[in-house]
Amino acid sequence: MSAVTYIGLGSNLGDSLQILTEAVHKIAALGPVKVSKLYQSPPMGPQDQPNYLNAAVQLVTDLAPLALLDELQRFEQESGRVRLRRWGERTLDLDLLMYGQEQIQNERLTVPHIGVMERDFVLIPLLDLDAELQLKGQLLKDLPILKHPSLDVLDAGNWAKI
Ligand code: ROI
C-alpha cells in the first residue's frame, strides 16, 4: 500500500540550494514526487544565524514510516549534516511532516510533525503541494498565521530540476 507523504526541507549552512537540490533528487528515487517553490525565511530560534532556504516535497511511497525516516536520516548524514546548537544553524533538515492520515508517536517519530501549524516556513510550501491540505480537521490555508507570512519566494519554477 502506498502512502502520500510530505517532507519538509530546510538548510542555512553551506551551499543550501545545492544541498536541497541533492536532497530532492534522493527523495525522488523513493517514489513519485511533487516539489514546492523554494523559499527564503528568517530563522526561527537565535537570530544570529543565516536565513534559511525552505521547501517541501510530496512523496508517494511504499516505504513504512520508520523505513522512510531511515532514508531521510541517511540523506541528512550524507549531506555532511552539521548542527551547531539547539535551534541553531544546520546543513540539512529533512522532517517527515505527514504520512497519509496516520498519527504516529514513538521514540523516533511524531507524525504529524510537531509545530507544522505554527511555522509558516512549513505551511506555505505544503500549500504549494496541496492547497486543500487538512490537519486535525483544520484546513491549513485558513490558519491565521498565514495572513502575515515572513518568508519570500526565491524560485517559483523548477528549482530542483526534477
Ligand atoms: N527557521 C527557519 N526559518 N527555517 C527552518 O527550517 C528552521 N529549522 C529549524 C529551526 C532552528 C527551528 N529554525 C528554522 O530547525
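One residue stands out in segment 128-156 among those that are more than 16 Å from the ligand (Cβ to nearest atom) and in a helix (DSSP H, G or I): the one that is nearest to the chain's Cα centre (by Cα), namely 129.
Which ones in segment 49-81 are of a type in the set (A, V, I, L, M, F, W, C), away from the ligand (no atom under 16 Å from the Cβ) and farther than 25 Å from residue 132 by Cβ? So that I can check it myself, show each step before the final result.
From segment 49-81, those of a type in the set (A, V, I, L, M, F, W, C) are 53, 55-57, 59-60, 63-64, 66-69, 72, 75; that's our starting set.
This time we only want the ones that are away from the ligand (no atom under 16 Å from the Cβ), so: 59-60, 63-64, 66-69.
Residues satisfying the conditions are 64, 66, 67, 69.
Could you run through segment 104-118 and say how many residues are assigned to a helix (DSSP H, G or I) and within 14 Å of the ligand (Cβ to nearest atom)? It would help to see each step written out before you state the result.
So in segment 104-118, the residues assigned to a helix (DSSP H, G or I) come out as 116-118.
From the residues that got through so far, the ones that are within 14 Å of the ligand (Cβ to nearest atom) too are 116, 118.
The number of residues fulfilling the criteria is 2.
For segment 127-162, the set of residues classified as exposed (fewer than 12 other Cβ atoms within 10 Å of the Cβ), over 16 Å from residue 10 (Cα atoms) and of a type outside the set (Gly, Ala, Ser) consists of 132, 136, 138, 142, 144, 147, 148, 158, 161, listed by residue number.
Residues that are outside any strand (DSSP E or B), among the small types (Gly, Ala, Ser), more than 12 Å from the ligand (Cβ to nearest atom) and in contact with a helix residue (DSSP H, G or I) (Cβ under 7 Å, 6 or more places away or on another chain): does segment 11-19 have at least one? Within segment 11-19, not a single residue is outside any strand (DSSP E or B), among the small types (Gly, Ala, Ser), more than 12 Å from the ligand (Cβ to nearest atom) and in contact with a helix residue (DSSP H, G or I) (Cβ under 7 Å, 6 or more places away or on another chain).
Do you know which of the residues in segment 84-107 that are open to solvent by 100 Å² or more (accessible area, probe 1.4 Å) and at pLDDT 95 or above is farthest from residue 74 (Cα to Cα)?
Within segment 84-107, the match that is farthest from residue 74 (Cα to Cα) is 101.
Please indicate, with yes or no, whether at least one residue in segment 115-126 is within 27 Å of residue 14 (Cβ to Cβ), free of Cβ contacts under 8 Å to residues at least 24 places away in the same chain and open to solvent by 50 Å² or more (accessible area, probe 1.4 Å). No, that holds for no residue.
Looking at residue 95, is it of a type in the set (Asp, Glu) and within 16 Å of the ligand (Cβ to nearest atom)? So residue 95 fits the description; yes.
The values are calculated or read from the model by the stated rules, or taken from the named source; none is laboratory data. Keep in mind that this is a model prediction, so the values were computed, not measured. Neighbour counts are summed over all protein chains in view; Cβ atoms, including those assigned to glycine, are modelled from backbone coordinates with ideal geometry. These accessible areas exclude ligands, DNA and RNA; they are computed on the full protein's heavy atoms, side chains included. Shrake-Rupley method; radii C 1.70, N 1.55, O 1.52, S 1.80 Å.
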